[in-house]
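Engineer: Let me begin by handing over the structure; questions about it come next.
Derivation of every value follows stated rules applied to the coordinates shown; laboratory data play no part. Values in this document were obtained by computation on a predicted structure and should not be read as measured data. All Cβ positions, glycine included, derive from the backbone under ideal geometry; neighbour counts span all protein chains shown.
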Amino acid sequence: MDEYLTSYEDIDVHALMLKDLPRTRAYCDAIQQCAGLLEGKTVLDVGAGSGILSLFAARAGARRVYAVEASNMAHIAKEIVAANGLGDVVEVIHTAVEDVTLPVDAVDVIVSEWMGFYLLHESMLDSVIYARDRWLRPGGLMLPSSARLHIAMCDLSDYWREEFEWTRDFFGFDMTPLVPHLKERRFREPLIMSVDERCVWRESAATVLQLDMSKCSASELEAFQVESRLTVCPGGNNEARKVHGFLLWFDVGFPSVSDKEQPVVLSTAPWQPQTHWKQARWVVIPLPEPMSVCEMVADERAGEGGASCGAAGVRVSSALRFVREGGSRNYTLDLEITDVQVVKGTGE
Ligand SMILES: C[S@@+](CC[C@H](N)C(=O)[O-])C[C@H]1O[C@@H](n2cnc3c(N)ncnc32)[C@H](O)[C@@H]1O
């Protein structure tokens, strides 16, 4: 078994996911909302883990649930299903979904919790897409049914201070020649870290990727580029707004089934309750040097003879490339800043 699947044999990983209430509740509510669509239907749970999503599907009225789990967690899932007296509905199958043989030609519904850091890390989505193309009947239901990746600019002053600024005067010596080397080491990969929500420039937020789970393909996710033009304002009260990097987070959506209820969205946005993806929502791609929004706007105003020039903020255009090589489950993320401009009015 590969390292990835072995990591899912750690019972603490499953306890962490189960106790992540925004996550588990979103699935519970979404599956319950879809009860009318699940009643008497066949469900495939891709990567069942402890079996929790299969239990939700059984409770919502599914006739048969195939809980496919590749890791040895399948043994515990079987016990959990039995402990809940659902053995006649939920069948735990200990194998990779790519190798499974089901006793039916097709299923009506696929449910899975496959999301990783920046949505796509670990690439479990490939297995869900495989299962969809192999086992879902035409017009069948995917839970979740959509996924989106978002980006915003953020201030990492605390991180900068802690990692680099101490070098300026260290026991009376200038240690700043260390900084480029430290940056080279620290910024080799995106930072997975906690950032205070107040340090995320919300007005700059944009959606950079949208996936329709009934249509997306694994090949389109092999290598792709997203472009964004994000504008950050100087802020009121002479706030010294800075931009140190780009933050990535995701949400997944479930189908809308009635006019009376809002469709469920599981969001890992900075301003939503924390989930176990707490780091994932904070995948930060740092800039080599921070940008001072206030100084850039002030310079523009001074250049044009005062505040009346209406400089509204700084707009950063960028291209973010995602590349997955050599069958790797993980991506290399590469950010290129293509333009930085002080913009007026609405930023157009
Ligand atoms: C993120 S966990 C979700 C577990 C459970 N569904 C839940 O919501 O708590 C993903 C699970 O999928 C399993 N898994 C990953 N790839 C798989 C595959 N190709 N076939 C079967 N199981 C897989 C992992 O072992 C892990 O238990």
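Engineer: As I understand it, the value is the acute angle between the Cα axis of helix 124-135 and the longest principal axis of the Cα atoms of the chain; what does it come to in degrees, rounded to 10?
Structural biologist: Helix 124-135 sits roughly 40 degrees off the main axis of the chain.
Engineer: Another question, if that's okay. Could you tell me which of rounded, prolate or oblate describes the range 65-119, using a ≥ b ≥ c as the square roots of the eigenvalues of the alpha-carbon gyration tensor, with rounded for a/c under 1.5 and, failing that, prolate when a/b is larger than b/c and oblate otherwise?
Structural biologist: The shape class here is oblate.
Engineer: Quick check: residue separation of residue 184 and residue 5 times 0.36 nm, minus the Cα distance between them. What number comes out in nm?
Structural biologist: 61.3 nm
Engineer: Continuing with the same structure: Lys and Arg at +1, Asp and Glu at -1: add these up for the other residues within a Cβ distance under 11 Å of residue 62 and post the number.
Structural biologist: Numbers: positive: 41, 59, 63, 64; negative: 39, 45, 108.
Once all neighbours under 11 Å are counted, the net charge is +1.
Engineer: Place a +1 charge on the Cβ of each Lys and Arg in the chain and a -1 charge on the Cβ of each Asp and Glu, then give the dipole magnitude about the Cα centre in debye, rounded to the nearest 20.
Structural biologist: Dipole size: approximately 680 debye.
Engineer: Still on this structure, I have one more. For every helix of n ≥ 4 consecutive DSSP H residues, a contribution of -39,500 (n - 2.57) applies; sum these over the chain, divide by its total residues, and give [θ] at 222 nm rounded to the nearest 500 deg cm²/dmol. Don't skip to the answer; put the middle values down first.
Structural biologist: On the way: 10 runs with 88 residues, N = 348.
Taken over the chain, the calculation gives -7000 deg cm²/dmol.
Engineer: Right, here's the next one. Run the numbers on the range 52-185 and let me know its relative contact order in percent, using alpha-carbon pairs under 8 Å that are six or more apart.
Structural biologist: Contact order relative to length: 17 percent.
Engineer: While we're on this one: Restricting things to alpha carbons, find the Rg to Rh ratio for the range 147-302 using the Kirkwood radius for Rh.
Structural biologist: 1.05
Engineer: Once amide H atoms are placed 1.01 Å from N in the peptide plane, what residues at a sequence separation of 5 or more from residue 145, or on another chain, have their amide H within under 5 Å of its amide H?
Structural biologist: Amide H neighbours of residue 145: 253, 254.
Engineer: Estimate the FRET efficiency between residue 334 and residue 256 by the formula 1/(1 + (r/R0)^6), using the beta-carbon distance for r and 35 Å for R0, to the nearest 0.05. If you can, show how the numbers build up before the last one.
Structural biologist: Numbers: r = 36 Å, r/R0 = 1.03.
E between residue 334 and residue 256, to the nearest 0.05, is 0.45.
Engineer: So, counting K/R as plus one and D/E as minus one, what does the shell of residues with Cβ under 14 Å around residue 122 add up to?
Structural biologist: Net local charge, residue 122 excluded: -2.
Engineer: Name the most mobile residue of 40, 51, 245, meaning the one with the largest mean-square fluctuation, in a Gaussian network model of the chain with Cα contacts below 10 Å.
Structural biologist: Taking springs between Cα atoms under 10 Å, the residue moving most is 40.
Engineer: Under a GNM of the chain (C-alpha, springs under 10 Å), which listed residue has the highest mean-square fluctuation: 63, 301, 229?
Structural biologist: 301
Engineer: Here is a follow-up. Expected output is a single nm value to one decimal: the length gained when fully extending between residue 12 and residue 171, i.e. 0.36 nm times separation in residues minus the C-alpha distance. What is it? Mind dumping the intermediate values first?
Structural biologist: Values: separation 159, 0.36 × 159 = 57.24 nm, distance 4.31 nm.
That works out to 52.9 nm of additional length.
Engineer: DSSP beta bridges in the chain, what fraction antiparallel, as a percent rounded to 5?
Structural biologist: Just about 75 percent of them are antiparallel.
Engineer: Which shape class applies to the range 1-107: rounded if a/c is under 1.5, otherwise prolate when a/b exceeds b/c and oblate if not, where a ≥ b ≥ c are the square roots of the Cα gyration tensor eigenvalues?
Structural biologist: oblate
Engineer: Can I ask one more? For the range 90-172, what class follows from the C-alpha gyration tensor (a ≥ b ≥ c being the square roots of its eigenvalues): rounded when a/c is under 1.5, otherwise prolate if a/b is larger than b/c, else oblate?
Structural biologist: prolate
Engineer: What fraction, in whole percent, of alpha-carbon pairs in the range 202-272 exceed 19 Å separation?
Structural biologist: Numbers: 1407 of 2485 pairs.
The share of Cα pairs beyond 19 Å in the range 202-272 comes to 57 percent.
Engineer: With a sphere of radius 14 Å drawn around the Cβ of residue 254, what net charge do the other residues whose Cβ falls strictly inside it have (Lys, Arg +1; Asp, Glu -1)?
Structural biologist: -2
Engineer: Would you mind pulling out the separation of the Cα centroids of the range 195-265 and the range 5-61, in Å?
Structural biologist: The two parts, judged by their Cα centres, are 25 Å apart.
Engineer: Using Cα positions and a limit of under 17 Å, work out the lysines in reach of residue 19, with same-chain residues fewer than 8 apart set aside.
Structural biologist: List returned: 278.
Engineer: Moving on to the next point. Report relative contact order for the chain in percent, whole number only (criteria: Cα-Cα under 8 Å, sequence separation at least 6).
Structural biologist: Relative contact order for the chain comes out at 16 percent.
Engineer: With +1 on each Lys and Arg Cβ and -1 on each Asp and Glu Cβ, how big is the dipole of the range 1-82 about its Cα centre, in debye rounded to the nearest 20?
Structural biologist: Working: 8 positive and 11 negative charges, 113 e Å.
Dipole size: approximately 540 debye.
Engineer: Taking N as the number of residues in the range 112-156, what value does Rg over Cα atoms divided by 2.2 N^0.38 Å take?
Structural biologist: Details: Rg = 13.8 Å, N = 45, 2.2 N^0.38 = 9.3 Å.
The range 112-156 yields a ratio of 1.48.
Engineer: Please build a GNM for the chain, connecting alpha carbons under 10 Å apart, and tell me which residue among 142, 73, 175 fluctuates the most.
Structural biologist: With Cα springs under 10 Å in the chain, the top fluctuation among 142, 73, 175 is at 175.
Engineer: On to the next question. How big is the C-alpha Rg of the chain next to the rule-of-thumb value 2.2 N^0.38 Å, as a ratio? Walk me through the intermediate numbers first.
Structural biologist: Values: Rg = 23.5 Å, N = 348, 2.2 N^0.38 = 20.3 Å.
Rounded to two decimals, the normalised Rg is 1.15.
Engineer: Loop only by DSSP, 12 or fewer other Cβ within 10 Å of the Cβ. Give me the GluC sites (Glu not before Pro) in the range 1-93 that pass, ordered by residue number.
Structural biologist: 39
Engineer: Treat every Asp and Glu Cβ in the range 1-151 as -1 and every Lys and Arg Cβ as +1, leave all other atoms uncharged, and give the resulting dipole magnitude about the Cα centre to the nearest 20 debye.
Structural biologist: Computed about the Cα centre, the dipole is about 680 debye.
Engineer: For the range 15-74, how big is Rg over Rh, using alpha carbon atoms and the Kirkwood form of Rh?
Structural biologist: 0.98
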